[in-house]
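The structure appears right after this line, and notes come after that.
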């Protein structure tokens, strides 16, 4: 808890910096408007104008917060297509778009971490897999998968796979790697002494795995799951870019950039950030509870 | 049944069965005489116990498998004997990889080359499976082109690939990487001087590093225009936080005893930085640099999806997908993968030179 004050200070500094940057970033447009109207712009009027433009180059923090509030709570409560009026989520609300992205993220994350754990178990127990698969798992990550996401989406669409699955595949690809690396490290964490002890108990391979290797890999697993879910979210967002901006946070980013709606871009960005932060926090919570019950709490 | 306990023994049995199936169902007309002969050779060589297999024998198996795979390609069709032969070659390659991994390690630099053999054989098998499957199933090239087609495309359009490479990698990714890493490093030195700042910035930096920063791409394109500066800006934003967090952590990695020793020498801040804390921080810094190297290329390519001049890897990928020229897309991907791997490899090499003293670098 001793970090609260410094963190708050740094955050406050960042927001102050942001506010300070708003004025010079947006002043061009404000001054052009004033010149066209034949007015002289005082400094206070300039500041007031740069903070409240419709399409600023850099929206002020409160504008983003306002847009976030409007496009979630207000839209669903009072909007014509909102949840209160139609019983289904509005396609103009960030809750709907966030959910679209989140479902692809979670599906991809689930497949990716299962695949990662399975590969790690194979690598730890099989010399041939260790020698042949591991280098390719590393090489596979130097392929900029995000860059070829559009092609994968288009190709899968051509084969008739649409909707959630293509996005989940990108997420899977991005999230399996951290899990493989972390789990290989974790499953190899027991030292020779502990393995020898298991041998004196004449434990079978399965027992060594279940009672020694798996439990000692848990801290590594959770650390890599946190990285994996953040990567899965990035994958889902980028995978939404080429689908023609239909639904999802990535689609909001793209349509925002098409129509110059900067406030919309920033609010989608912050929605993604909030989503990422809360998922990482959730895994952190599960980690704490699990490790505590296993008697490994730090 | 002794053979089952040998390394790769199960694969040998499976391969033999698949070979017999292929030979029984089809003949030289379906598979080609060369394929059959070479496969037979692999079966005969493979029965020898692992202990008696020297490098010459493993090389002979590899050559026969490669030859069999190559000879099978013209006969690729979706029929049972062909699939049986494909399975036989695949199992044979698996056996080879398993036995390569079990070979006693050669001394010196030969050992390093040896470490590459198993993954290379594995990769070649994957490429071959891709090629033969695409040919046998007659997959349309707008869905998945065969590796041979992609290779031809690379040879035909080296000029376009080079222009794209310079635009995206050299101008976008590399310049952004240099600026981002430099800025993060200087900022880390600044942060390091104050404990308060460090405690505040580390959690925030860790949080920001986990965010989908790639989403700032449309904003950067709006601010810096369509050409490479906007791509470099995205790369700067992406690499900044991983490098910053790792450097700050690394600078704090020395223990109190070592810093006290520097103080007894009455070393100045600069001296203790250069002689003690920077060297101690290097493993952390290189960790950040490696993470950032893969991020840089991704950032530069994805930023081009939001607007770019009519060149660049991201531009080419998105337009050629629209024109269904999938072989060109795969050619760009191959270049990107190669460039990314080389970039990573160079950094890993420099790391080995700089942090030779670290436990993770010793004993290799």
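Derivation of every value follows stated rules applied to the coordinates shown; laboratory data play no part. Remember, it's a predicted structure, so these values are computed and weren't measured experimentally. Note: ideal-geometry Cβ built from the backbone for every residue, glycine included; neighbour counts use all protein chains shown.
Structure data summary
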| quantity | calculated |
| --- | --- |
| Mean projection area, nm², convex hull over Cα of the stretch B:45-99 | 3.8 nm² |
| Cα long-axis angle, helix B:80-102 against chain B (0 to 90 degrees, to the nearest 10) | 50 degrees |
| Extension gain from residue B:271 to residue B:44, taking 0.36 nm per residue of separation minus the Cα-Cα distance | 75.0 nm |
| Pair residue B:80, residue B:278: separation of 7 Å Cα→Cβ label points (nm) | 7.1 nm |
| In Å, descending, principal axis extents of the Cα set of the stretch B:237-341 | 69, 23, 16 |
| Gain upon complete extension [residue B:178, residue B:163; 0.36 nm per residue less C-alpha separation] | 3.3 nm |
| Residues B:202, B:149 arranged by fewest to most Cβ contacts within 10 Å | B:149, B:202 |
| Where N is the number of residues in the protein assembly as shown, Cα Rg divided by 2.2 N^0.38 Å | 1.09 |
| For chain B, built as a Gaussian network whose Cα springs stay under 10 Å, the top-fluctuating residue of B:250, B:345, B:172 | B:345 |
| Calculated diffusion of chain B, Stokes-Einstein form, Kirkwood radius summed over Cα pairs, 20 °C and 1.002 mPa s, µm²/s | 88 µm²/s |
| Helical mean residue ellipticity (222 nm; -39500 (n - 2.57) per DSSP H run of 4+; nearest 500) of chain B | -24500 deg cm²/dmol |
| Span from the the stretch A:223-297 Cα centroid across to the the stretch B:194-211 one, whole angstrom | 19 Å |
| The stretch B:89-163 shape via C-alpha gyration tensor axes, a/c threshold 1.5 | oblate |
| Distance (nanometres) between label positions extended 7 Å along Cα→Cβ at residue A:289 and residue A:52 | 4.6 nm |
| Chain B: relative contact order in percent, alpha carbon pairs under 8 Å with at least 6 residues between | 16 percent |
| Number of partner chain Cβ atoms within 10 Å, mean per residue of B:333-342 | 4 |
| Sorted largest first, extent of the stretch B:193-283 alpha carbons per principal axis (Å) | 55, 24, 21 |
| Calculated log₁₀ intensity ratio I(q)/I(0) where the Debye formula runs over C-alpha points of the stretch A:1-58, q = 0.14, 0.20, 0.26 Å⁻¹ | -0.48, -0.72, -0.99 |
| Part-to-part distance (alpha-carbon centres) for the stretch A:1-37 and the stretch B:81-134, which is given in Å | 57 Å |
| Two-site label geometry, residue A:8 and residue A:125: point separation in nm, points 7 Å out along Cα→Cβ | 5.1 nm |
| FRET efficiency for residue A:247 and residue B:264, using Cβ-Cβ distance with R0 set to 56 Å, rounded to 0.05 | 0.30 |
| Relative compactness, the stretch A:94-293, computed as alpha-carbon Rg over 2.2 N^0.38 Å | 1.19 |
| Within a Gaussian network of chain B (alpha carbon springs, distance under 10 Å), most fluctuating of B:295, B:39, B:261 | B:261 |
| Using alpha-carbon coordinates, inclination of helix B:147-156 to the longest axis of chain B, degrees | 60 degrees |
| Angle between chain A longest axis and helix A:94-125 axis [Cα atoms, degrees, rounded to 10] | 20 degrees |
| Extension gain (nm, one decimal) between residue A:258 and residue A:282, 0.36 nm per residue minus Cα-Cα | 5.2 nm |
| Overall form of the stretch B:32-146 per C-alpha gyration tensor (a/c, 1.5; a/b vs b/c) | oblate |
| Residue among A:226, A:199, A:167 with the largest mean-square fluctuation in a Gaussian network model of chain A, springs linking Cα atoms under 10 Å | A:199 |
| Mean ellipticity per residue at 222 nm, deg cm²/dmol - from DSSP H runs of n ≥ 4 across chain A, formula -39500 (n - 2.57) | -25500 deg cm²/dmol |
| As computed over the stretch B:154-354, the Cα convex hull volume per residue (Å³) | 118 Å³ |
